[in-house]
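Below is one structure; the comments refer to it alone.
The values are calculated or read from the model by the stated rules, or taken from the named source; none is laboratory data. No experiment lies behind these values; they were computed from the predicted model shown. Note that each Cβ is placed from the backbone with ideal geometry, even for glycine, and that neighbours are counted across all protein chains shown. All accessible areas refer to the heavy atoms of the entire protein, side chains included, with ligands and DNA or RNA removed. Shrake-Rupley method; radii C 1.70, N 1.55, O 1.52, S 1.80 Å.
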Amino acid sequence: MDALRLEIDAHVITQLGDELITDPGQALLELVKNSYDADASYCHVTIVPGHKETFSLPPITEETGADAEGNTALQKAKTKAQDNTPTAQLHRKIDTIGSIRVEDDGSGMDLETVKRGWLTISLSPKRAFKEAGKVTEIHKRTPLGDKGLGRIGTLKLGSIIVIETHTNDTDPGLRVVFSWDDCKSGVTLGRVPIVVDDNLPPRTKGTVLTIYGLKDLSFWTSTDRVKKLGQQMSTLLSPFKPFSDFDVTLKCGSYCNIEEVGDYLNIAKGQYEVIWLREKTPAKKPEQESYLFQVNGRMKTSLFKGKDAGSFDKYVSKDNGKSFLKFLTSYKRTKPFNLKASEKEWFVEFESKKKDQDLAEFIDLNTCADPGPFLGEIYDLDFTDDNASTLEQPEFLKDHVGVFVYRDNFRIRMGDDWLGLGMGQTQGRSYYGLRPGNALGWIAISAAENQQLIEKSDREGFVDNRARRGFELLARKFRMQINDTIAECRRAYVKYITECQNKEADEAPDYGSDDARRVLNRGASVAEDLVGSLDDQSEIAAELNSALKGFDAAIKSKNMVALGKALPKLNSIATRAASRARKATKLKETVRMLPHAAKTLGEYMDSERSEFAELYATAALGLSAESLSHEIADVVESLTNSLADIKNLAQARGWINTKLSEYIRNAQNSGGDVATRVRFLDPMLRKSRAIREKIDVATLLRDFKRHKISVCEEKKIKFQINESTKDLELRANRGRIIQVLDNLFRNSQYWLTHSPKSTTDRIFTIDVKPPHLIVYDNGPGVDDVIAARIFDAFVSGKPPGEGHGLGLFISRQLLSAEKSEIALLPEINQFGRRYKFRIDLAGALSK
């Protein structure tokens, strides 16, 4: 019986080519990468859509496949090419139109390299070369390709492949010809004929790959499409930091312009840089090596101008921004960003360095891993506001904005808005931040130092692993830090303009929305009073006219009696008129204040509007949770009853045993735990919010601790309450107090479980110091950058997707409803950060 062996239908190659390579641009890029990996100093791509060529290829026969001795198609094709039998002369003539020539001066290929590198699909000698840490001889490059699939990209381009390659300048070269069209259904891969000539005349070392019989000729003959191909190559090859030792050209009739973006970046309003690396110190153990995450940024004054150009010119431009800069660097909310004056065309700059404890959420290696060092830049090229309307957006930037990832200057496609820039248009926390249509930037990685970032076979992003998750977390942290800095600086600008306008209006610097509302109310009241008093204005005028006539007659007749009666009447009318004049003056003063008050309220509403959508979404989620809590209670009750029925039936039938009893008991305990957690929510639900009751705080805290005991055991958190000898009793809504404690505990739980491995004990503590509760943990503490605004909506130190940044904001609102307050105390922990929250319950004390 003949031995069986696996065969591959050649059509699978066509399927792979269609699925793995996105478009002609990506296919060309793979060929350019091959030249780069071959240690070439240049790669010249020449496209001739009208080129005609005729080829003579052997027929597809059984003999063209591998034989019983294991001779490959290459070996057999070479033998057949030297054979003079009539069968060897039965060649097919194939006419082709169009060609793409890819030429380099790289290391070239010998027969074995062609066999392994081109004719054995998915076999890549580069893989072992890279894993061994080797680099190329001349330019010291780590190869980019390691999948052995890039060559299939030529399927997107044409049908016949001709490889002419020389390994040196003196010896004969090698010529290999085959047709992708022969890879069709019904033909096994080993039967695809290959023509080989190993006596090619000597020439300069390197490789010339030519693709004949171009597919979709209309694409290559369209001027517009070829122009777009040049634009596409301008992003597939890094336009930010071009190669210093590798020249790439693209010619189709004339040379396509592979652009660099340097000329466009001078219109940027902001420039931001990131560096990530692991600092290796010989004296440290591997687990103690330090991480460094550094973000630098520079901004121009035009970033702040916005739509109110008049205010900008009046309060910023008049002194070249000196007063505004002084305000910006001293304002409590922007001070933690370490802003300082910049040079040349830039207005202000900042630098942020985070190490170890500051990167607690990254150092939790259970969720992500070090992707290897990288650096990047993002430029804010805002063309959307009124001030940029005079700028004509370059054609290149209309289709090529975003943040691109490059490995050794070759782009890895990450998908649309992979960095989440569009979140700024839907979330309050990023209202002023970068947007996908106006950000242009890059993040650079390398083949040598980022090997754990493994590209997918189709080159569309990275394979999902811990290194990829670590990379994306850090990249999004970069985006968040940019957005936070921009947002706070823009809000500081609004604050600065408001203070300038307050000063000009003779108002206090901290004049705000509450003051403006009082002005508007006072204006309405004064106006209403004056309008009421004006109703008898015609009566006063008639009386005044009558009194003046009587007074004039008395004077003329020298009638002293009549004069004596007229004077008191005139005095009375004058008093009433003076009273109305005073009201009019008061109204005039109030009216003068109204425009400023209205403007203040308008700006307040504008700044708050961006947060409403997210608050509405969170409220909707809360209502859904409330509804779900009722449903869960019913489901748990039904489940518990069913488990009891199962247990009774098993006992009655004699099926019960130790294991079954254990399973039923575990299920009942789990159901009971769910029911307990649902009951814990009851005081927080809408129906209970209006109820105020007498609360013994010590008892409430013990109940709260019992509710969290299972979580604490699972997360290895020690929950300690330091009670006071003095009683603390409240008259308050139990649900509000519980929700505040729950928000604080959840924050502590997150940071304690995302702390570095060096933290041995995880401790959550509540100190009872009537009328205060002091809540803290021994985690990393509050980042200085957000400490001044920790109670604002959408402020969070957590990475994207880990929280809304609403917990402490809501806690403040809940306590306010109980005439209580929450504050972040100035005390610092071992990491130099503030970490204690004080809940002041004085306003809720039981009377």
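Here are the numbers for the structure shown:
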{"item": "Cβ-placed point charges (K, R +1; D, E -1), dipole of region 287-361 about Cα centre in debye, nearest 20", "result": "620 debye"}
{"item": "Net charge of neighbours whose Cβ lies under 12 Å from the Cβ of G25, counting Lys and Arg as +1 and Asp and Glu as -1", "result": "+4"}
{"item": "Placed amide H near I822: partners under 5 Å, 5+ positions off or other chain", "result": "D840"}
{"item": "Normalised contact order of region 720-847, rounded percent, pairs of Cα under 8 Å and 6 or more residues apart", "result": "30 percent"}
{"item": "Table column - 3J(HN,Hα) (Hz), region 206-219, Karplus curve with 6.51, -1.76, 1.60, x for Gly and Pro", "result": "x, 9, 10, 9, 10, 10, 10, x, 5, 7, 6, 4, 4, 5"}
{"item": "Long-range amide H partners of E802 with built H, under 5 Å", "result": "none"}
{"item": "Two-site label geometry, K134 and E802: point separation in nm, points 7 Å out along Cα→Cβ", "result": "4.2 nm"}
{"item": "Phi-based couplings in Hz for region 21-35 (Karplus 6.51, -1.76, 1.60; Gly and Pro marked x)", "result": "10, 5, 7, x, x, 5, 4, 4, 4, 4, 5, 5, 4, 4, 5"}
{"item": "When each of K134/K241; K353/K477; K33/K130; K115/K140; K332/K354; K322/K344 is checked by Cα-Cα distance, pairs over 18 Å", "result": "K134/K241; K115/K140; K332/K354"}
{"item": "Surface per residue (accessible, 1.4 Å probe) for region 200-329, Å²", "result": "49 Å²"}
{"item": "Residue-wise HN-Hα coupling along region 160-176, computed from phi with Karplus coefficients 6.51, -1.76, 1.60 (Hz; x: Gly, Pro)", "result": "9, 10, 10, 10, 10, 9, 10, 8, 8, 8, 10, 7, x, x, 10, 10, 10"}
